[in-house]
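Novice: Before I ask anything, here is the structure I am working with.
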Amino acid sequence: MAGMKLKKGDRVRVRTGKDRGKEGEIMRVLPKADKVIVDGVNVVKKHQRTTRATMQGGIIDKDMPIPAANVSIICPGCGPTRVGYRFDDSIGTADIPVRQKVRVCKKCGSDL
């Protein structure tokens, strides 16, 4: 399992499954399970019992996790793409260089 290249707040498109083609924003990332929760994608009905914490019972809609491999990040310029990396030396001073890892689009090379 490689490192997670997706972050909370990224705009993604679902590539496979019942919600194929839907777009949404990542609300939560679960790196240990290699899954993400996308707003409005993979919604299930959950029967909720009335408890002290949740006074309102009934059937609620809940966003469930989907595998991170089933979504692709959307580049503002060229659409769905993969994530690459480059090191940016622009921050820091001349005597103390600081290398920052920046995510880039594999298609057009722009920053994500």
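The values are calculated or read from the model by the stated rules, or taken from the named source; none is laboratory data. This one's a predicted model, so the numbers in the text were calculated from it and none came from an experiment. Methodologically, a virtual Cβ is constructed for each residue, glycine included, from the backbone with ideal geometry; neighbour enumeration extends over all protein chains shown.
Novice: Residues in segment 58-66: is at least one surrounded by 11 or more Cβ atoms within 10 Å (Cβ to Cβ), touching a residue at least 60 places away in the same chain (Cβ under 8 Å) and assigned to a strand (DSSP E or B)?
Specialist: No, that holds for no residue.
Novice: Tell me, yes or no, whether segment 34-53 has at least one residue that is out of contact with any strand residue (DSSP E or B) (no Cβ under 9 Å at 6 or more places or on another chain) and within 25 Å of GLY3 (Cβ to Cβ).
Specialist: No: segment 34-53 contains no residue that is out of contact with any strand residue (DSSP E or B) (no Cβ under 9 Å at 6 or more places or on another chain) and within 25 Å of GLY3 (Cβ to Cβ).
Novice: Let me ask you something else. Counting residues that are out of contact with any Pro (no Cβ under 9 Å at 6 or more places or on another chain) and either surrounded by 12 or more Cβ atoms within 10 Å (Cβ to Cβ) or modelled with pLDDT of 90 or more (or both), which strands (runs of 3 or more DSSP E) fully inside segment 1-54 reach at least 2? Please lay out each step first, then the result.
Specialist: Details: elements: 11-14, 23-30, 35-38, 43-48.
Counting at least 2 such residues, we get 23-30, 43-48.
Novice: Now for a different question. Going by what's in this entry, would ILE73 be described as surrounded by 11 or more Cβ atoms within 10 Å (Cβ to Cβ) and in a strand (DSSP E or B)? Give the steps one after another, and end with the answer.
Specialist: Working: surrounded by 11 or more Cβ atoms within 10 Å (Cβ to Cβ): yes; in a strand (DSSP E or B): yes.
When the stated conditions are applied, ILE73 passes them.
Novice: Now a separate question. Looking only at segment 29-55, count how many residues are under 20 Å from VAL83 (Cβ atoms) and free of Cβ contacts under 8 Å to residues at least 24 places away in the same chain.
Specialist: 1
Novice: While we're looking at this one, here's another question. When only residues in segment 76-112 that are polar (S, T, N, Q) and in a strand (DSSP E or B) count, which is modelled with the highest pLDDT?
Specialist: Among residues in segment 76-112 that are polar (S, T, N, Q) and in a strand (DSSP E or B), the one modelled with the highest pLDDT is THR81.
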